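The next block holds one structure in the form of structure tokens; read it before the comments.
The values are calculated or read from the model by the stated rules, or taken from the named source; none is laboratory data. This is a predicted model, so every value here is computed, not measured. Methodologically, a virtual Cβ is constructed for each residue, glycine included, from the backbone with ideal geometry; neighbour enumeration extends over all protein chains shown. The area values use the complete protein model at the heavy-atom level, side chains included, leaving out ligands, DNA and RNA. Shrake-Rupley method; radii C 1.70, N 1.55, O 1.52, S 1.80 Å.
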Amino acid sequence: MSDEVLFFQEFSITGGDFSSAGSVSTEIKSILKEIGFHPSVIRRAAIACYEAEMNVTMYAERGVVRLSATPAAIRIQFEDEGQGIADIELAMQEGYSTATPEMREIGFGAGMGLPNIKKNSDEFEITSEVGRGTKLDIVIKA
Amino acid sequence: MAEKYYHPLEFMLDRCNGRMKCMRVCPTEALRVKQGKVRLIEELCIDCGACAEACPSKAIVPLTDPFTRSSKYKYRVALASPVLYSQFGLDIDPKVVVQGLKEIGFDYVVDVSRACEEISAAIDIFLEEYDGPGPLISSFCPSVVRLVQVRYPGLTELLMPVNAPREIAAREAKERLSEELGVGMGEIEIIYLTPCPAKIVAIKQPAEKGRSWIDGAISIADVYAPLFNAVSNLADDEIDASIAEEFTFGAGWSMLGEMTRLLGSERGIAVSGLSDVTRVLDDIESGRLRGIDFVEASACLGGCIGGSLTVDNMYVARSSVLSMMRKHGQGSVVDRNEVVGKYREGYYFLERKLAPRPLPPLDKDISAAIRKKKEKDAIYARLPQIDCGCCGAPTCRAFAEDIVRGRSKLEDCIHL
Ligand SMILES: Nc1ncnc2c1ncn2[C@@H]1O[C@H](COP(=O)(O)OP(=O)(O)O)[C@@H](O)[C@H]1O
Ligand code: SF4
Ligand SMILES: [Mg+2]
């Protein structure tokens with residue numbers, strides 16, 4: 001794929017900043033709409049992106065998001081500095097959550113985020129190092 | 001692609017002074033000012049009427065029907081709603097308003113609050129049986145429907161496929177009166193007294209491309225003066241006794257939250273004002289409104305009592321509706337079983353499916369669109385980003401987009 005038809009943009013997320021949480025996924029969504037991806041592709045990207053953004057907000061100190069889009073696919077990478085995930089297999093289970101009671105109070109912590117991200121992506125890769133951070137790399141085919 | 005959209009607004013360019021007030025309030029950035037005159041980008045307009053309200057020169061005129069009667073019909077029926085009654089303060093009773101409508105030339109008056117209750121019951125059944133993705137979004141506000149179709153095409157499937165109360169009320173009136181009077185439905189003219197231009201489009205060009213049972217729309221603002229005159233001159237003994245029996249004067253869905261309140265146990269939220277509606281639609285799109293079954297959404301702040309063609313202050317109107325509810329009670333007037341029967345026959349559903357109406361992408365070809373998106377971002381980076389509007393676009397971002405779409409030239413920016 002030539003660089004010319006590759007759209008790339010980077011965003012940052014601040015951990016714990018719930019007031020602006022979700023703004024990166026809203027921005028990514030509007031970029032994808034402008035380019036003209038199919039509404040169902042955008043919907044999947046929006047859901048996956050929002051969940052991943054919330055995870056960085058809730059469980060990490062800070063993170064960067066890299067969006068690359070080509071006519072064939074949308075790739076979104078999340079890389080954060082934070083506590084990391086000790087047991088990824090466990091974290092991937094539906095309903096598993098370490099969200100605090102405070103987070104649950106404001107509607108988070110259903111333990112469906114990671115499973116939903118996976119469900120909405122065509123390629124999904126997650127790696128993590130405890131005490132350092134987590135990397136999530138997803139691809140949604142157009 | 002090149003579908004023609006009807007918009008209920010006329011732009012009187014000779015009156016336009018290019019003051020850009022409309023351009024700044026348009027929630028979808030559909031307006032530009034070129035050579036000192038306003039211009040509409042048709043596909044972006046969702047008919048909310050905010051521009052008409054903002055124009056100090058009255059250059060944007062809602063295309064409502066004139067008050068004068070057309071000879072095409074034998075009978076003229078007014079479709080009145082609590083929004084209308086709420087415009088007359090506490091001293092003028094809804095019954096008097098109805099009588100007043102008869103004085104100023106309507107042969108019959110039909111109230112929509114009954115249909116609101118019927119449709120609430122129908123939506124209850126729909127929600128109960130629905131097991132698709134949620135939350136469902138109310139479809140009674142035509143501007144909200146268009147906003148979803150245009151800006152959130154992926155959410156179109158969440159719009160409730162249920163017809164608006166005004167349509168059900170019009171249909172019932174037409175069928176009943178044509179039988180009672182022994183005339184064809186074509187001889188009965190149903191006129192909706194509208195709080196907004198959006199509902200005019202919903203009548204002339206329904207969003208689902210079905211047909212409307214309503215024949216015309218007169219703005220509440222236009223009917224206000226003659227009606228006010230008529231009601232002021234009415235003595236108590238001139239009020240037709242049948243009005244009290246026929247009408248319920250419920251709140252209908254005139255103010256925000258009433259639809260939600262009339263529904264059963266499902267969990268709903270009520271949101272109004274296009275910027276808040278947009279925020280909630282963003283939340284739905286990201287899947288973050290969990291546990292909410294439906295969203296009642298109106299483009300106007302406070303609900304239809306905040307419509308741009310109303311006269312009274314929305315907050316005052318709201319207080320009038322509340323006192324009207326206290327006075328006339330909130331008893332149920334619809335027979336649940338009858339609604340269930342009609343529901344099963346499909347009576348309450350839109351004639352056709354609502355389809356998305358996505359904005360044209362930067363280019364039909366995705367590769368070209370990506371190129372243009374990058375070009376747009378590069379242009380934007382060069383602009384002062386102060387949204388001064390001198391270029392004729394509402395924001396620097398919109399201006400950058402206009403350039404890549406070939407609608408403007410970089411030279412139009414006075415700061416470069
Ligand atoms: N970026 C992250 N950094 C650290 N831990 C994470 C991260 N993302 C997810 N987790 C862990 O995985 C669990 C499950 O995540 P998820 O499926 O999104 O559910 P929830 O966010 O509702 O807890 C979280 O409770 C958390 O312990
Ligand atoms: S909220 Fe009511 S008055 Fe306002 S645009 Fe929608 S339907 Fe019209
Ligand atoms: Mg999560």
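Tell me, rounded to the nearest percent, the portion of alpha carbon pairs in the range B:1-62 spaced more than 15 Å apart. Please report the intermediate quantities before stating the final value.
Numbers: 807 of 1891 pairs.
In whole percent, the share of Cα-Cα pairs in the range B:1-62 beyond 15 Å is 43.
If R0 is 41 Å, the Cβ-Cβ spacing of B:Cys388 and B:Ile269 corresponds to a FRET efficiency of close to 0.65.
Around the amide H of B:Ala217, modelled in the peptide plane, lie the amide H atoms of B:Asp65, B:Tyr192, all under 5 Å away and 5 or more residues distant in sequence or on another chain. Put a plus charge on the Cβ of each Lys and Arg, a minus charge on the Cβ of each Asp and Glu, and nothing anywhere else: the dipole of the range B:1-62 about its Cα centre is then about 400 debye. Note on the range B:208-365: with neighbouring protein chains present and a 1.4 Å probe, carbon and sulfur make up 49 percent of its accessible heavy-atom surface. Spatially, the range A:104-118 and the range B:1-78 are offset by 44 Å when compared through their Cα centroids. Backbone geometry of the range A:10-26 corresponds, through the Karplus equation with coefficients 6.51, -1.76 and 1.60 at θ = phi - 60°, to 3J(HN,Hα) couplings of 10, 10, 10, 10, 9, x, x, 8, 6, 5, 9, 4, x, 6, 5, 5, 5 Hz, x marking Gly and Pro. Just how many % of Cα pairs in the range B:88-204 lie over 23 Å apart, if you round to the nearest whole percent? It works out to 45 percent of all Cα pairs.
Computed as a quarter of the hull surface, the mean projected area of the alpha carbon convex hull for the protein assembly as shown stands at 28.5 nm². Around the amide H of B:Leu136, modelled in the peptide plane, lie the amide H atoms of B:Phe294, B:Val295, all under 5 Å away and 5 or more residues distant in sequence or on another chain. Backbone N atoms of the range B:78-118 closer than 18 Å to the 7 Å Cα→Cβ label point of B:Ala241 belong to residues B:95-96, B:99.
Within the listed set B:Arg318, B:Arg39, B:Arg146, the residue fluctuating most in the Gaussian network model of chain B (springs between alpha-carbon atoms under 10 angstrom) is B:Arg39. Between A:Glu61 and B:Ser323, the FRET efficiency estimated from the beta carbon spacing at R0 = 51 angstrom works out to 0.40. Phi angles across the range B:253-258 convert, under the Karplus curve 6.51 cos²θ - 1.76 cosθ + 1.60 with θ = phi - 60°, into 3J(HN,Hα) values of 10, 5, 10, 3, x, 5 Hz, Gly and Pro given as x.
In order along the range B:115-127, phi translates into HN-Hα couplings of 5, 4, 5, 4, 5, 4, 5, 5, 5, 3, 5, 4, 5 Hz, rounded to whole numbers, per the Karplus curve 6.51 cos²θ - 1.76 cosθ + 1.60 with θ = phi - 60° and x for Gly and Pro. What chain B shows is 43 Å² of accessible area per residue, with the surface traced by a 1.4 Å probe over protein heavy atoms. Residue by residue along A:33-46, Cβ atoms of other protein chains within 10 Å of the local Cβ number 6 on average.
Applying 1/(1 + (r/R0)^6) with R0 = 25 Å to the Cβ-Cβ distance of A:Ser68 and A:His38 gives a FRET efficiency near 0.90.
Would you mind counting up the charge near B:Ile46? Only other residues with Cβ under 13 Å from its Cβ, with Lys and Arg at +1 and Asp and Glu at -1. Summing Lys/Arg as +1 and Asp/Glu as -1 gives 0. So what's the net charge close to B:Phe11: Lys and Arg +1, Asp and Glu -1, counting the other residues with Cβ under 13 Å from its Cβ? Here the count lands on +3.
Remark: chain A carries 48 Å² of accessible area per residue (probe radius 1.4 Å; ligands, DNA and RNA excluded).
Less than 5 angstrom separates the built amide H of B:Val38 from those of B:Gly18, all sequence-distant by 5 or more or on a different chain. Surface burial for A against B, with a 1.4 Å probe and both sides summed, reaches about 2300 Å² of accessible area. Under 10 Å, Cα contacts only: if you run a Gaussian network model on chain B, which one of B:Asp93, B:Asp215, B:Asp387 comes out with the highest mean-square fluctuation? In the Gaussian network model the winner is B:Asp387. In loop segments of the range B:160-219 as defined by DSSP, the trypsin sites (Lys or Arg not before Pro) with at most 14 further C-beta atoms inside 10 Å of their C-beta are B:Lys209, B:Arg211.
For the range B:234-289 versus the range B:105-179, the spacing of their alpha-carbon centroids is 11 Å. When A:Phe18, A:Phe8 are compared by accessible surface with a 1.4 Å probe, the order from highest to lowest is A:Phe8, A:Phe18. Out of every Cα pair in the range A:7-141, what percent are spaced more than 17 Å from each other? The calculated P(r) of the range A:7-141 puts 56 percent of pairs beyond 17 Å.
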